[in-house]
Structures are given as C-alpha cells and as structure tokens.
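See structure below.
Only the coordinates and a few stated rules stand behind these numbers; no lab work does. For clarity, every value in this text was computed on a predicted model and none was experimentally measured. When we count neighbours, we look across all protein chains shown, and the Cβ atoms used for this are built from the backbone with ideal geometry, even at glycine.
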Amino acid sequence: MSAKILDGKAVSARLKDELKEEVATLKQQGIQPGLAVIIVGDDPASRIYVNNKKKACEYIGIHSEEYALPAETTQEELLALVDKLNHKADIHGILCQLPLPKHLDEEAVIAAISPKKDVDAFHPVNVGKIMIGNFDFLPCTPAGVMELIAEAGIEIAGKECVVVGRSNIVGKPQAMLLLHQHGTVTICHSRTKNLAEVCRRADILVAAVGVPELIKGDMIKPGAVVIDVGMNRLPDKKLVGDVDFEAAKEVAGAITPVPGGVGPMTIATLMKNTVRAATIAQ
Ligand code: GUN
C-alpha cells in the first residue's frame, strides 16, 4: 500500500490565507507587519528561497524589504545594516539568509539581531527559550514540520521519534519540539553506528542531513511517518530529498514529498513569526 502524502503546499496555502485575514485586521488597527530579508552573495538556492519569501509577504500583505548585498560585503557593513534594521520602526522581523560567504561570522551576525525581531529563532536567547519551552518564536522549518504532523492528526506522545541530522537550524530544534510533544527522541548524525537500525525503530522519522536519498526503503518501519527536510539538487538538476521517496512511499504510512512537503511550511511559519513579531511589538 502506498503512503498518505503529507501535502505541505496545501496546508501552507491555508495557513497563508488565515494570516492574510489576520494582517487585514491588524491593518485596521494601524499595524502593518514588516519583514527585512538580507541576502549576501549570489548563491542560487538562497536566491530562490528569498524570492519565495518575498512572494509570500506580498500575498499576505506583509511589508517586505530586501537587502541584497555583494559577496565582498564586510562583517562591519553587515553588522551596521543589522543595527539599522533593529531600530527601524516599520520592520518587525529580520532574516539573514544562511549560509553567509565564508569570510563572514554567522554566529556574530545572528547574535546582533534583536531577539524581538529574530523571526528565524536563531538568536541564543530564543534558542534558550525554546529549550525551556517558553518561547515567542519557533524556528521555521521544525515548526513547519510540527504543523504538518498535527494537521495529519498524528499523535506524537510516546512515539519513537528519530531525527537524522543535528544542525542548529533543523535537527537540534526539531528534536526539542518533538520532545515538547512527549516523543521519545533519538538524534542521529554522521558518527551514528547502525543508522539503518536506529531509523527502523522510528514511528516518526525526520531526515535533515542534506544527503540525497540517504534514507532507503529498508530503513523505514512499515507504517512510519516520514518527514523529508532535504532539498538536494542532483547533477542532472533534479531536486530530491534525503529520502528515497519512491521506495519509502511503499513502506511508510505517511510521507512528505520533495518539493511540496516541508519547504512551503517553512515559509508559512516565517510569515506567522513575522505577524507575531508585529503583534508583540505593540
Ligand atoms: N538557510 C536555510 N534555511 C534557512 C532558514 O530557515 N533561515 C535562514 N535565515 N537561512 C536559511
């Protein structure tokens, strides 16, 4: 039997419609949420992400500003821009698209963003709040994954959850959010022994490593929920996830496609965080 497809495109479209209504109400109160997106250099994948974020802002009615800086931008110039945006009254959210060119210090840039405008939830203050379970913003991709799981009516409490990948952007916060929902969580990474065996224990498997089709059909427990965060461009330009979708869908109970699964959910959460930032700024 083929797995149920978790349609992130459809769920995100609904969330964006809800946010559009919320923004219309805020506008009547004289509040227009504003998002500033900083992109440094010309990484083609980052360019696509930033364009999609801009389109979502336009649809919902969020004011958006894009700061496209050349690859040679210095740390001082970037920090000066962040400081300016921290003080800009019509900007409630600041997002600096990662990765930054190698000569720039990502950690310092993230720390310079006001935690109140940190709609990515990457600032150490927000990361700490998430750890405690008392937060204003959730990181966009892990929160989008949680929304998709909830939307499908999938219970997390007591389930074996395996997260493959330990990045600060996805793996680590994803594990924490699953733990908040009472999952029994295992985090796997490049040094994990018997990855296949650990994955096969998962009732809910989240793949976020950036290795094309690493997760094969025989690494999945029959009926499991498989969430694929990967977005990998193959040499022939085909876009694939971290899961071998064709094989996995024959084993899993539910699965996200790539594209059209987690990706659109990330953007919907970013929009939600921006609206929230504008609301709590009042
Ligand atoms: N690069 C890949 N994912 C993200 C994200 O969620 N936020 C930012 N700022 N950069 C990214």
*For the range 136-156, which residues satisfy the criterion of being away from the ligand (no atom under 16 Å from the Cβ), of a type outside the set (Asp, Glu) and outside any helix (DSSP H, G or I)?*
ALA152, GLY153, ILE154, ILE156
_Scope the range 164-202; condition within 16 Å of the ligand (Cβ to nearest atom) and closer than 24 Å to ILE5 by Cβ; matching residues_ = GLY165, VAL170, GLY171, GLN174, LEU177
*Across the range 147-175, what is the total count of residues that are surrounded by fewer than 21 Cβ atoms within 10 Å (Cβ to Cβ) and not small (Gly, Ala, Ser)?*
10
*Quick one: in the range 93-109, which of the residues that are more than 10 Å from the ligand (Cβ to nearest atom) and in a loop (DSSP other than H, G, I, E, B) is surrounded by the fewest Cβ atoms within 10 Å (Cβ to Cβ)?*
LYS102
*Among the residues of the range 23-65, which ones are surrounded by fewer than 17 Cβ atoms within 10 Å (Cβ to Cβ), within 16 Å of the ligand (Cβ to nearest atom) and closer than 15 Å to ILE91 by Cα?*
LYS54, GLU65
*asked:* When the residues of the range 207-228 are narrowed to those that are in a strand (DSSP E or B) and in contact with an Asp or Glu (Cβ under 8 Å, 6 or more places away or on another chain), which ends up surrounded by the most Cβ atoms within 10 Å (Cβ to Cβ)?
replied: ALA207
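Restricting attention to the range 113-135, and to residues there that are within 12 Å of the chain's Cα centre (by Cα) and over 13 Å from LEU177 (Cβ atoms), which single residue is farthest from the ligand (Cβ to nearest atom)?
Filtering the range 113-135 for residues that are within 12 Å of the chain's Cα centre (by Cα) and over 13 Å from LEU177 (Cβ atoms), the one farthest from the ligand (Cβ to nearest atom) comes out as VAL119.
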